[in-house]
Amino acid sequence: MKTITFKILFFNIIFIFAIFNSQTIIVRGQNNGNLPEDFNSTGQYYYKDVYNYLDNFVGTWEYVNGNEKFQIILTKIIKYHTNIPNIKLNFYEDGIAVRYKKFQNGNLVFESPLPNEPSFTSQDGQKLEGYIVDYGRVTVDVNWPTVPTLGPQGVFKHGGEYFHPTCIIEKCL
């Protein structure tokens, strides 16, 4: 009798734990019903690639021009936890991480760091949308002029760790 009671209690605890730690799966580009305004700050939502759209882009893509070669390596990252408390972001997502390499005369001359977080997503399987950090660019200071209504704009760093260009990668048919 004690064994049956213990098993029932054990399964009830597991069930309650699963309910409190469950996540709601949402799909980018889809109508996901009435989500709370702060849904992306609770840690209870997961942007899942349920249609495997990201799989269309995974791989190594190359551009070759004479003795120069440029490679882009796209890797799928599953259930990455984005948690940035100071801007109230806390959610999970599937996405694509991007690396790139440049070769001259068969020698590797530049390689971007291996990212551990996704920076691209897809809503339709036809294009990836996101950003990359351009590590190969030299940082340049851009002095913005004084605007009468806003005052001096100061120095804006362009390039290096501050350079996050938004870009789209489209699937060729």
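Readers should treat all values here as calculations from the given coordinates under stated rules, not as data from a laboratory. Everything quoted here is computed from the prediction, not taken from an experiment.
Between Val64 and Thr42, 0.36 nm times their residue separation minus their Cα-Cα distance comes to what? Spell out each step's value before the answer.
Values: separation 22, 0.36 × 22 = 7.92 nm, distance 4.52 nm.
Going from the current span to full extension adds 3.4 nm.
Kirkwood Rh over alpha-carbon pairs of the range 17-94, then Stokes-Einstein at 25 °C and 0.890 mPa s: what D in µm² s⁻¹, rounded to an integer? Could the numbers behind the result be given before it?
Working: Rh = 15.0 Å.
Reported coefficient: 164 µm²/s.
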Length gained if Phe110 through Asn52 is fully extended, taking 0.36 nm per residue and subtracting the Cα-Cα distance, is 17.8 nm
At 0.36 nm per residue, and after removing the present C-alpha to C-alpha distance, how many nm does the segment from Gln71 to Val27 gain when stretched out fully? 12.9 nm
